[in-house]
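First up is the structure itself, then whatever we jot down about it.
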Amino acid sequence: MTGLFGSVFDPPHNGHLAVVHSAREHFDLARIVVLVVADPGHKDVATDASERLALARLAFPDDTVELDAHPRTVDMLRERRFDDPLFLVGADEFCDFLGWKDPNDVLELARLGVATRPGYPRDRLDRVLAELECPDRVSFFEIEPLDVASRDIRARVARGEPIDDLVPPPVAAEIARCGLYRRDG
């Protein structure tokens with residue numbers, strides 16, 4: 001089984017690492033491919049793809065980290081072939097899954113591993129499952145709750161505040177070295 005974890009990683013943070021770490025243990029994943037979405041169709045990015053790819057490689061040194069040229073997950077899965085793919089998402093993202101391009105096709109091409117936090121409202125997840133053609137292709141696993149978001153990290157950097165507790169040390173060092181996310185940078 002190959003774990004797939006895609007995001008814009010602008011920047012990658014400890015919450016991203018928690019998903020990968022917990023998924024690796026829960027699903028006994030020997031291989032995880034981290035996919036840095038080059039041009040996401042659903043959100044703006046603050047840095048270019050090459051910078052985000054470099055940051056992701058620092059955050060996930062033991063995993064395969066690749067640039068994903070597809071703005072939509074289903075298009076990537078249609079083009080790429082992975083050994084028994086398990087696409088990893090957070091619970092909040094799963095709650096928006098029905099708004100993805102061809103969500104049932106995503107589930108035909110890969111299973112979903114959904115990271116939940118203790119106390120996450122199960123009824124929100126069940127509403128999505130009820131609308132899917134193959135809800136048995138979705139598995140849930142718990143992660144340690146971390147209150148961190150990339151937008152908050154960018155804002156802290158712009159204000160000159162430390163981010164050492166929010167990102168892996170090599171990522172913090174590279175952000176500082178390159179002057180990323182600074183208002184004047």
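Name every residue in segment 128-143 that is outside any loop (DSSP other than H, G, I, E, B), in contact with a helix residue (DSSP H, G or I) (Cβ under 8 Å, 6 or more places away or on another chain) and more than 14 Å from PHE87 (Cβ to Cβ), in order of residue number. Break it down into steps so the answer makes sense when it comes.
Our first condition is that a residue be outside any loop (DSSP other than H, G, I, E, B); within segment 128-143, this holds for 128-131, 135-142.
Next cut, in contact with a helix residue (DSSP H, G or I) (Cβ under 8 Å, 6 or more places away or on another chain) only: 128-129, 131, 135, 137-142.
Within segment 128-143, VAL128, LEU129, GLU131, PRO135, GLU142 qualify.
Give segment 1-60 a look and list any residue that's part of a loop (DSSP other than H, G, I, E, B), of a type outside the set (Phe, Trp, Tyr) and in contact with a strand residue (DSSP E or B) (Cβ under 7 Å, 6 or more places away or on another chain), or say none. So that I can check it myself, show each step before the final result.
Pass one, segment 1-60, residues part of a loop (DSSP other than H, G, I, E, B): 1, 8-13, 28-30, 38-48, 60.
From the residues that got through so far, the ones that are of a type outside the set (Phe, Trp, Tyr) too are 1, 8, 10-13, 28-30, 38-48.
Listed by number, the residues that qualify are MET1, VAL8, LEU29, ALA38.
Just to be sure, is ALA115 at pLDDT below 95 and in contact with a Phe, Trp or Tyr (Cβ under 7 Å, 6 or more places away or on another chain)? Outline the logic, then answer.
Numbers: at pLDDT below 95: no; in contact with a Phe, Trp or Tyr (Cβ under 7 Å, 6 or more places away or on another chain): yes.
For ALA115, the condition - at pLDDT below 95 and in contact with a Phe, Trp or Tyr (Cβ under 7 Å, 6 or more places away or on another chain) - is not met.
What is the number of the single condition among (1) more than 12 Å from the chain's Cα centre (by Cα); (2) closer than 22 Å to PHE141 by Cα; (3) charged (D, E, K, R) that LYS101 does not meet?
(2)
Which of the residues belonging to segment 84-94 are over 18 Å from CYS134 (Cβ atoms), part of a helix (DSSP H, G or I) and in contact with a helix residue (DSSP H, G or I) (Cβ under 8 Å, 6 or more places away or on another chain)?
ALA91
Name the residue that is farthest from ASN14 (Cα to Cα), counting only residues in segment 152-185 that are part of a helix (DSSP H, G or I) and small (Gly, Ala, Ser). First the steps, then the outcome.
Within segment 152-185, the subset part of a helix (DSSP H, G or I) is 152-158, 169-178.
Retained after the next criterion (residues that are small (Gly, Ala, Ser)): 155, 158, 172-173, 176.
Working: ALA155: 16, ALA158: 19, ALA172: 11, ALA173: 15, ALA176: 17 Å.
Looking at residues that are part of a helix (DSSP H, G or I) and small (Gly, Ala, Ser), I get ALA158.
Could you tell me whether segment 114-130 includes any residue that is touching a residue at least 60 places away in the same chain (Cβ under 8 Å) and surrounded by fewer than 19 Cβ atoms within 10 Å (Cβ to Cβ)? Outline the logic, then answer.
Our first condition is that a residue be touching a residue at least 60 places away in the same chain (Cβ under 8 Å); within segment 114-130, this holds for 115.
Subset that is surrounded by fewer than 19 Cβ atoms within 10 Å (Cβ to Cβ): none.
Within segment 114-130, not a single residue is touching a residue at least 60 places away in the same chain (Cβ under 8 Å) and surrounded by fewer than 19 Cβ atoms within 10 Å (Cβ to Cβ).
Determine, yes or no, whether ASP136 is surrounded by fewer than 19 Cβ atoms within 10 Å (Cβ to Cβ), more than 17 Å from the chain's Cα centre (by Cα) and of a type in the set (Asp, Glu). Full working, then the answer.
Numbers: surrounded by fewer than 19 Cβ atoms within 10 Å (Cβ to Cβ): yes; more than 17 Å from the chain's Cα centre (by Cα): yes; of a type in the set (Asp, Glu): yes.
Yes; evaluated as a whole, the condition is true for this residue.
Out of LEU107, LEU146, report the one residue that is outside any strand (DSSP E or B), under 24 Å from LYS43 (Cβ atoms) and modelled with pLDDT of 95 or more. Don't jump to the end; show me each part of the working.
Numbers: LEU146 fails: modelled with pLDDT of 95 or more.
When all the criteria are applied, what remains is LEU107.
The values are calculated or read from the model by the stated rules, or taken from the named source; none is laboratory data. Keep in mind the model is a prediction, meaning the values are calculated, not measured. All Cβ positions, glycine included, derive from the backbone under ideal geometry; neighbour counts span all protein chains shown.
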